[in-house]
Each structure stands twice: as C-alpha cells, then as structure tokens.
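K.L.:
After the structure tokens below, expect a handful of questions from me.
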C-alpha cells in the first residue's frame, strides 16, 4: 500500500544525510544526500542533495535527472560550450547521456528526481 508523505523543509537537517560517492580524482569535498523515495522497481528515485561550491565533470550515463534548485546558483556548460545557469526555484533538466561541466557558484541544495529507464 502506498502512503503519502510530506518532507517538510524545516525537517531537512534532521534527515539521515550521507556522503555522496565521488568519481576517481575528484578532490572536491563530498556532497551529502538523502533518498526520500524509491519506486518498487528501483527505476525512479527522489531525494535531496547539497554541496559546497565546486566544479567538475558531469556525466549522466545511467539516468535522466530533473532537479529543483532550492538554494544556491549553478552553472552547467554543455560540451558545445552552451552555458546554462539555474538558481532557487529553477528546474534543471538533464537527460541521460549528458556530458557537461557542473559548477556550483555558491553552496547548493536541490531536490533531485532520477529515472533510470529509457
């Protein structure tokens, strides 16, 4: 049976945040995340993520991601040089197969929604 849940902003700090895995060679401080929902088949997930300002490669090989920026500003530069900026209240839509450079201009907090299907 499915149950409706509300994750209140005021309760974010009390959630079970864990360090996010970093790619080999990433010398930036680790980010933190918490998964708030995972579908029964594991193909759809929703969670929160936060990290200090940093820059590095972004490679979405296995999933599509839609992120709602809650706090901070980011800049994503596509392989073709196109620059996309997102800040509080903006949706950042990143399809599977994306290759880009991620740059958090300020401390960032986002809600992420990931889908691993086609």
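The values are calculated or read from the model by the stated rules, or taken from the named source; none is laboratory data. Quick caveat, the model's predicted, so the values are computed rather than measured. Neighbour counts are summed over all protein chains in view; Cβ atoms, including those assigned to glycine, are modelled from backbone coordinates with ideal geometry.
K.L.:
Which residues, counting only those in segment 1-22, are at pLDDT below 80 and surrounded by 10 or more Cβ atoms within 10 Å (Cβ to Cβ)?
P.N.:
Of everything in segment 1-22, just one residue is at pLDDT below 80 and surrounded by 10 or more Cβ atoms within 10 Å (Cβ to Cβ), namely 22.
K.L.:
Collect the residues in segment 79-117 that are more than 21 Å from residue 54 (Cβ to Cβ), in contact (Cβ under 8 Å) with a residue 12 or more places away in the chain and over 13 Å from the mean Cα position of the chain (by Cα), keeping them in residue-number order.
P.N.:
89, 96, 97, 116, 117
Residue-by-condition table, conditions (1) loosely packed, with under 15 Cβ neighbours inside 10 Å; (2) at pLDDT below 95:
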position	(1), (2)
48	no, no
63	no, no
72	no, no
75	no, no
85	yes, no
100	no, no
108	no, no
113	no, no
117	yes, yes
